[in-house]
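*Asks:* One structure follows; several queries about it will come next.
The values are calculated or read from the model by the stated rules, or taken from the named source; none is laboratory data. Just so it is clear, the structure is predicted and the values come from calculations on it, not from any experiment. Methodologically, a virtual Cβ is constructed for each residue, glycine included, from the backbone with ideal geometry; neighbour enumeration extends over all protein chains shown.
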C-alpha cells in the first residue's frame, strides 16, 4: 500500500445503530453453525480414526495420515479461493455453494467403500471447510460494519474453542452409538439448516460501484504460488507421518519457503502485499503465525510429556479443555478490548499469556496454567490480528483479508504441531519433566508475538 491509500475513518455511530436493527435473526445462527461445521470437522477425525482404519484400511505405510493431511492441504487450497470469490460474488451464493460442497463431501465420506474414496471425500471436506470459514466471517463482518465487527467476530471465534472441546467426545459418542459413518451423515441436516438460513434471510451484498472487481482474470500464478508453497511446507513438516522421509521433508520446506517471497512481486489479488512488508498488516501476519505455533505446539507436546510422567487421562483431558476454554474467553474478551482500546492492548496481553504458557511448560510447573494461558493468549491475538487485517483492507477486499488471516492460522498450526513436536522428540527424553523445546516457544512468543504487538497501532482505523 502507498501513501495514496483511501482515508481511514470510522462509520458514524448512527449508521451502526441502524445496522443493528437491520440484522436478520436467522443469519447469525446460520453463520455460527457453518463455522461450527468446519471447525468440528477438523477436530473430530482423531477420535474416529481407529474405527475408520479398521473398516476401510489405510493402516500400512502411514496412509491414514492422509485423512488429516489431505483435509489440511485442501483447506489451504480452498481458503484463498474463497476469499477471492467472497469479494466478487454475492455472499449468499458463496456461502450456499460452500455448504453444498460440504454436504456432498459428507455424503461421499459416509458412503465411502474404500480408503481412497474416503481420502478424496476428506479433501473435498477441507476445500469446503476453508470456504465456510471465510464466508462465515465475511457475512458477520459485513452485517455488523466496521465499528461492531471486532466484537461480533470475536464472539464468532469462540466457536473454535467450543469445537475443540465438543468435537472429540461428540465423534466418539456418535461412533459408539451408530458407527463412524454417522459422524459424516449428521452433517447433512445441519448443512440444510445453514442453506435455509443464508438463502432466506441474508440480504444481498451492497453494490460496490466502481470498486467491484471483475469475476474473470483469476490470478492463477499467485494462486499456484500460495497453494504450492504452503502445501510444500505442510507436507515437509508432516513428511515422517506421511512416510516421505526426513530429507524429503527438508527439501519440501525449503522449496515452499522459496516460493512465498515471490508473492510480493506477483501477489495482491489473493494475499495483501502488506503482509510481506513492515506494515501493521505484516505485524499482524507474524503475530498470527507465532500465536498459533505456541498454542498448537503446547497442546501437542504437553499432553505427551504429562502422560510420560504418569498423569492420568482425566488430568490431560482437563488441561486440553482449559486451553479450549481459554481460547473462548480470550476471543470474547478481545472483542470488547479492541473496540475500546484498539489493537495494541489485546495483542500485548495475549503475547504475555503465551509467554507465561511457554515458561510454565519449559519449567514443568503448573501445567494447568500452561494450557489455560496458551488458549487465552491465542484467542486474544488471533481476534486482534483478524480485526487489524480486515481494518487495513477496503470494504471490497474484506474476503481477501479474512482468508489471509485463516491461512496464516493454518500455517502456524502446522508449524507448531510438527516443527516443535519434532524438536521436543530430538531434545528431550520421554521421562524428563522439563522440555527445552518449550524455551523455543518462549522465544517465539517474544520475537513473533510480543514484538509485533508492541509495534501495532494503538488506535483502530478502518478504510472507507
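*Asks:* If only one of 235, 253, 289 is modelled with pLDDT under 80 and outside the structural domain of residue 80 (by TED's automatic domain parsing), which one is it?
*Replies:* Selected residue: 235, the only one of 235, 253, 289 that is modelled with pLDDT under 80 and outside the structural domain of residue 80 (by TED's automatic domain parsing).
*Asks:* Another one. From 165, 133, 68, 159, grab the single residue that is touching a helix residue (DSSP H, G or I) at 6+ places or on another chain (Cβ under 8 Å) and at pLDDT 90 or above.
*Replies:* Exactly one residue qualifies, and that residue is 133.
*Asks:* List the pairs whose first member sits in the stretch 196-222 and is within 18 Å of residue 135 (Cα to Cα), whose second member is surrounded by fewer than 12 Cβ atoms within 10 Å (Cβ to Cβ) and modelled with pLDDT under 60, and whose Cβ atoms are under 9 Å apart, counting only residues at least 6 apart or on separate chains?
*Replies:* Within 9 Å, the pairs are 203/22.
*Asks:* Something else: Go through the residues of the stretch 167-174 one by one and say whether even a single one is in contact (Cβ under 8 Å) with a residue 12 or more places away in the chain and more than 17 Å from residue 43 (Cα to Cα).
*Replies:* Checking the stretch 167-174: not a single residue is in contact (Cβ under 8 Å) with a residue 12 or more places away in the chain and more than 17 Å from residue 43 (Cα to Cα).
*Asks:* Follow-up question, since we're still on this one. With respect to the numbered conditions (1) over 20 Å from the mean Cα position of the chain (by Cα); (2) at pLDDT below 75, which one is the sole condition not fulfilled by residue 51?
*Replies:* Just one mismatch for residue 51, condition (2).
*Asks:* Give the residues of the stretch 407-464 that are in a loop (DSSP other than H, G, I, E, B), in contact with a helix residue (DSSP H, G or I) (Cβ under 8 Å, 6 or more places away or on another chain) and modelled with pLDDT of 70 or more, sorted by residue number.
*Replies:* 436, 456, 457, 458, 460, 461
*Asks:* Give just the number: which of (1) closer than 28 Å to residue 204 by Cβ; (2) surrounded by 23 or more Cβ atoms within 10 Å (Cβ to Cβ); (3) modelled with pLDDT of 90 or more does residue 86 not satisfy?
*Replies:* With respect to (1) closer than 28 Å to residue 204 by Cβ; (2) surrounded by 23 or more Cβ atoms within 10 Å (Cβ to Cβ); (3) modelled with pLDDT of 90 or more, residue 86 is out only on (3).
*Asks:* It is to be established whether one or more residues within the stretch 330-339 are in contact with a helix residue (DSSP H, G or I) (Cβ under 8 Å, 6 or more places away or on another chain), closer than 16 Å to residue 165 by Cα and part of a helix (DSSP H, G or I).
*Replies:* Checking the stretch 330-339: at least one residue is in contact with a helix residue (DSSP H, G or I) (Cβ under 8 Å, 6 or more places away or on another chain), closer than 16 Å to residue 165 by Cα and part of a helix (DSSP H, G or I).
Residues are listed down the side, and each one gets a yes or a no for (1) more than 30 Å from residue 89 (Cβ to Cβ); (2) surrounded by 24 or more Cβ atoms within 10 Å (Cβ to Cβ); (3) out of contact with any strand residue (DSSP E or B) (no Cβ under 7 Å at 6 or more places or on another chain):
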residue: 375; (1), (2), (3): yes, yes, yes
residue: 380; (1), (2), (3): yes, yes, yes
residue: 385; (1), (2), (3): no, yes, yes
residue: 395; (1), (2), (3): no, no, yes
